[in-house]
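Read through the structure below, which is laid out as structure tokens, and then see the notes.
The values are calculated or read from the model by the stated rules, or taken from the named source; none is laboratory data. Nothing here was measured: the structure is a model prediction, and the numbers come from that model. So basically every Cβ, Gly included, is an ideal-geometry build from the backbone, and we count neighbours across all protein chains shown. With ligands, DNA and RNA removed, areas are computed over all heavy atoms of the protein, side chains included. Shrake-Rupley method; radii C 1.70, N 1.55, O 1.52, S 1.80 Å.
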Amino acid sequence: MNKFQSVRGFNDVLPPDTALWQHLHAVAARTFASYGYGEIRLPLVEHTALFARSIGEVTDIVEKEMFTFKDREGDSLTLRPEGTAGTVRAGLEHGLLHNQQQRLWYAGPMFRHERPQAGRYRQFHQLGVEAFGMAGPDIDLEVIALSARLMRSLGIGGLTLELNSLGSAQTRTAYRAALVEFLERYESSLDADSRRRLRSNPLRVLDSKDPQTQEILREAPTLLDALDDASRAHFDGLRQGLEDLGIAYTINPRLVRGLDYYSRTVFEWTTDRLGAQATVCAGGRYDGLVEQLGGAPTPAVGWASGVERLILLMKAQGLTAPDPAPHVYLCALGEAAQRQAQRLAERLRDALPWLRLAVNAGGGKLAAQLKRADRSGAALALILGEAELAAASIQVKSLRAAHREARESTPEQQQAVPLAELPQRLSGLLEAEHLMRNHP
Ligand code: ATP
Ligand code: MG
């Protein structure tokens, strides 16, 4: 019998990678919360028309990348290729967008029928934020600063922030005409996709990855030269904000997003370490979308980041998930001490929510318990015996080499600590050994 294999472009994530994924999601959730963003969880399936209407008919996604199918009632449904359309749909459906400000984030799988390669899959994962109801450059700055902090908190370095402005719809109409006029002069030298887009969606030509088309585009008029005054002021405001926060950026006048609904600010975080899959985070302002989907005009800005690409980068940069080993292993000798140990462990977890504490189970002599403690990777063993019970104290024993070498400064490798002081002493000891670095 043939062995089953996963569907092309649909991947399993296995340990130890899952630890890195968990770490990434934990850091992201913390970062989103630290800017006041609330999580929205959306279905994986939406009506096909939602994506056709929002993303635009003449885009790679809608033209050739969607997983679309008819359900048993004959309705056309699509596995979501991105998160913004669903977020706006849900926002309108539940009244989250009207006359209010809203800061949201999401995470989860997206589906696009593309040619699978490193950093490009058919099921991939995104983290994203969307901020609604704010029109000024301050919120553009906020979502970019958030993305910068996320990359920093993950330890990812070497990224470039590329920035551009698409101006208003009117700017683009005027610019589109100038661009078409320019490109028509070179029509026969353009790649086939670009020739087709010249008629249907000329701005997308700027996105072409064809080298000859790229060469021609060097001389093309740019959107930035065509900006209207209000868009120019918005762009200048954002640039000033980035400078105030010390976030370096480069202006890329050819940066356009693949999706139709953007206006004004567009940006990408790019890397030179992932070949053609260079963009790890992309976003911008999409003031027209909410209205396009049936809501009142609502300014909006957001971004989405590809999790697989972030993970690839983290691995390339030697970044690992924090050590999942327990900080502390609790040994107990004798029945009375074992019962007491369970209560003590719960009290410690109450007092030190970040603490990773393993409690010895299955009894055993002290030597056997300490062996398990060593194997667990814990830095400290706690030993509760009858003498300690009687004295309301506990033995704290260092297990790691680092602790043992530090004996000069902290004379005893093992010391009795009164139970009442234990949480405080553990904090001190673990902090001293930099083991608390990664606690939330
Ligand atoms: P690209 O130009 O690489 O195709 P895109 O413009 O289609 O990207 P967006 O729709 O802006 O991408 O999605 C945001 C991010 O999601 C991308 O910057 C990338 O990190 C990630 N991403 C997009 N498509 C894929 C995919 N097929 N596989 C893995 N990650 C992806
Ligand atoms: Mg794409």
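Observations
- Residues that are over 29 Å from Arg199 (Cβ atoms) and either among the small types (Gly, Ala, Ser) or within 16 Å of ligand 1 (Cβ to nearest atom) (or both), drawn from the range 47-79: Gly74, Leu79
- Residues within the range 86-126 that are more than 16 Å from ligand 2 (Cβ to nearest atom) and of a type outside the set (Phe, Trp, Tyr), tallied: 21
- From the options Ala178, Ala131, Ala135, Ala145, residue that is part of a helix (DSSP H, G or I), surrounded by 15 or more Cβ atoms within 10 Å (Cβ to Cβ), away from ligand 1 (no atom under 16 Å from the Cβ) and modelled with pLDDT of 95 or more: Ala145
- Residue under evaluation Arg41, criteria (1) of a type outside the set (A, V, I, L, M, F, W, C); (2) within 16 Å of ligand 1 (Cβ to nearest atom); (3) closer than 30 Å to Gln102 by Cβ, criterion not met: (2)
- One residue stands out in the range 302-313 among those that are within 12 Å of the chain's Cα centre (by Cα) and more than 16 Å from ligand 2 (Cβ to nearest atom): the one that is farthest from Glu268 (Cα to Cα), namely Ile311.
- Of all residues in the range 61-85, those being in a loop (DSSP other than H, G, I, E, B) and within 16 Å of ligand 2 (Cβ to nearest atom) number 5.
- Residue in the range 306-322 that is assigned to a strand (DSSP E or B), closer than 30 Å to Leu97 by Cα, open to solvent by less than 40 Å² (accessible area, probe 1.4 Å) and within 16 Å of ligand 1 (Cβ to nearest atom) present: yes
- In the range 95-128, residue farthest from ligand 1 (Cβ to nearest atom) [restricted to those that are at positive phi and part of a loop (DSSP other than H, G, I, E, B)]: Asn99
- Matching entry among Leu310, Leu274, Leu255 (being aliphatic (A, V, I, L, M), in the same structural domain as Val58 (by TED's automatic domain parsing), in contact with a strand residue (DSSP E or B) (Cβ under 7 Å, 6 or more places away or on another chain) and at pLDDT below 95): Leu255
- Some residue of the range 202-210 being away from ligand 2 (no atom under 16 Å from the Cβ) and touching a residue at least 12 places away in the same chain (Cβ under 8 Å): yes
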